[in-house]
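Quick notes on the structure that follows.
The numbers here are math on the coordinates, done by the rules we state, and not lab data. Quantities reported herein were computed from a predicted structural model and do not represent experimental measurements. Positions of Cβ are backbone-derived with ideal geometry, glycine not excepted, and every protein chain shown enters the neighbour counts.
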Amino acid sequence: MVRKLLLCLLIAFSVPMNSSPANEEPDQSYLNAYVQDVERRTRRRFHPPRLIEKSLKAKVVFKIKKSGDVADIRFLKRSRDIAFDESIRECLNSIRYRHFPKDVSLFAEFIPSTVKVELNSDNQ
């Protein structure tokens, strides 16, 4: 609990959002902190349908624009459950993420109990 609070404070106060000029890349630690914040916000908002198989899994690639809006949600692997897949799409479309100096492409794995988010290889 304390660790999560410290991470949130680090993200909120470590680097001002407008500290980098538009053509300068954010440093890797800041990018990692942003991805952790995206994962935390997504986990909080993800509510799969009740009474579904616990073994379901879906893999998604999506983009967060500089403005914080989600774009280009693509399923790499669907779960075989339409309601579960739709809850993922609704979750991602309902969140307004924090602004970032550039568009970020992310990979996410959704299972009924949690969400894991990491940078997609498009960002390298």
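Data table
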item: Label-to-label distance, nm, for residues given as Arg74 and Arg89 (7 Å Cα→Cβ offset); result: 1.6 nm
item: Least to most buried among Val61, Val104 (fewest other Cβ within 10 Å first); result: Val61, Val104
item: Computed over the stretch 38-124: relative contact order in percent, which uses C-alpha pairs under 8 Å that are six or more apart; result: 37 percent
item: Unit Cα scatterers, Debye sum, the stretch 63-124: log10 I(q)/I(0) for q = 0.18, 0.20 Å⁻¹; result: -0.67, -0.82
item: Peptides 44-54, 64-74, 26-36 ordered by average Cβ neighbours within 10 Å, highest first; result: 26-36, 64-74, 44-54
